[in-house]
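Each value in this text was obtained by applying a stated rule to the coordinates, not by laboratory testing. Computed from a prediction, not measured in an experiment: that's the story for all the values here. Virtual Cβ from ideal backbone geometry, glycine too; neighbours counted across all protein chains shown.
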């Protein structure tokens with residue numbers, strides 16, 4: 001994932017402080033902890049050869065990567081269906097891997113780019129129908145679908161987005177990510193966007209990337225959080241940033257947040273399971289949850305210096 005990437009030498013100059021909660025978040029969260037909290041933490045893909053010998057057993061073949069992935073995580077941000085329209089048979093095969101593991105697993109499929117980036121939501125009814133028919137094959141393993149709009153899909157397209165969202169099934173959980181800077185820079189466009197999501201019952205994705213701090217908008221349009229966290233190769237700031245997210249999410253949970261989807265990305269995904277394990281441990285400690293940690297084939301040792309002291313984790 002190259003979105004928001006900055007050179008490593010530039011990282012010390014980035015202000016990673018999480019902004020204050022937005023106005024919509026203040027209104028959405030009612031001040032009382034929900035009886036049940038759903039917590040899902042995962043990665044963006046399962047097909048990384050570098051994970052063989054890390055979390056996948058030695059000599060695991062690519063065809064069995066998903067079989068192994070579902071043993072370690074309870075969700076995945078499914079980017080694979082972005083590039084090609086998913087086929088029902090493929091979705092069924094992926095679902096069966098989660099069924100075989102017998103756990104509460106959620107696939108969170110990205111809308112296919114023919115809908116979001118090529119047709120730009122216009123005249124996309126047929127493609128959307130095909131997409132929905134396929135992803136519904138996940139059955140109870142279907143998590144929120146996420147609609148990522150292109151960098152040049154700006155506020156002038158608000159009516160197009162509104163019309164498209166209104167056509168989607170009301171019972172389909174959807175989160176939306178916008179990237180055009182004007183959605184955040186212009187106060188009226190910002191208000192109109194989050195108001196639309198709130199009115200239509202759709203969630204707002206928060207993407208935490210080093211070079212696009214405007215996308216860390218801290219607005220919730222529903223009492224659910226969908227965080228796309230983009231790390232920098234296990235740079236020390238990655239862990240400080242996760243710590244800050246854990247604190248903020250705990251505050252939101254105490255005020256009524258019902259669901260958390262926290263997906264780990266890196267510009268090079270080879271070490272993402274390490275970042276995911278750290279995230280799950282911190283979230284479990286803070287929230288009192290008992291999400292399973294990824295199990296490493298070999299002991300992983302990281303040791304580095306942070307401002308507040310030495311961190312070592314295995």
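On full extension, the segment bounded by residue 167 and residue 295 gains 41.9 nm, given 0.36 nm per residue less the C-alpha separation. Entry note, the chain: the mean residue ellipticity at 222 nm calculated from DSSP H runs of n ≥ 4, each adding -39500 (n - 2.57), is -10000 deg cm²/dmol after division by the residues and rounding to the nearest 500.
Identify the residues of the range 82-118 with backbone N under 17 Å of a label point that sits 7 angstrom from the Cα of residue 61 along the Cα-to-Cβ direction, or state none. Backbone N within reach: 94, 97. A full extension of the chain between residue 251 and residue 17 corresponds to an added length of 82.7 nm, given 0.36 nm per residue minus the alpha carbon distance. Percent of C-alpha pairs per 5 Å bin in the range 181-294, short distances first: 2, 11, 20, 22, 19, 14, 8, 3, 0. Taking the DSSP beta bridges with both ends in the range 8-313, the antiparallel portion is around 15 percent. Rounded to two decimals, the Cα-based Rg/Rh of the chain, with Kirkwood Rh, is 0.94. Among beta bridges identified by DSSP and lying wholly in the range 150-306, the antiparallel ones come to about 5 percent.
Kirkwood radius and radius of gyration were both taken over the C-alpha atoms of the range 69-186, and their ratio Rg/Rh is 1.00.
Prolate is the label for the range 137-188, because a/c, from the alpha-carbon gyration tensor with a ≥ b ≥ c as root eigenvalues, is 1.5 or above and a/b exceeds b/c.
Could you tell me the relative contact order of the chain? Use alpha-carbon pairs under 8 Å, at least six residues apart, and round to a whole percent. The value is 25 percent. Note on the range 28-71: Rg/Rh from Cα positions, Kirkwood definition for Rh, rounded to two decimals, is 1.29. Full extension of the segment from residue 199 to residue 125, taken as 0.36 nm per residue of separation minus the current Cα-Cα distance, would add 24.5 nm.
Grouping the Cα pair distances of the range 1-97 into 5 Å bins from zero gives a pair-distance distribution of 2, 8, 13, 14, 13, 14, 13, 13, 7, 2, 0 percent in increasing distance order.
Taking every C-alpha pair closer than 8 Å and separated by at least 6 residues, the mean separation divided by the residue count of the range 125-239 gives a relative contact order of 20 percent. Placing a label point 7 Å from the Cα of residue 34 along the Cα-to-Cβ direction, the residues of the range 259-298 whose backbone N falls under 17 Å from that point are 259-263, 284, 287-291.
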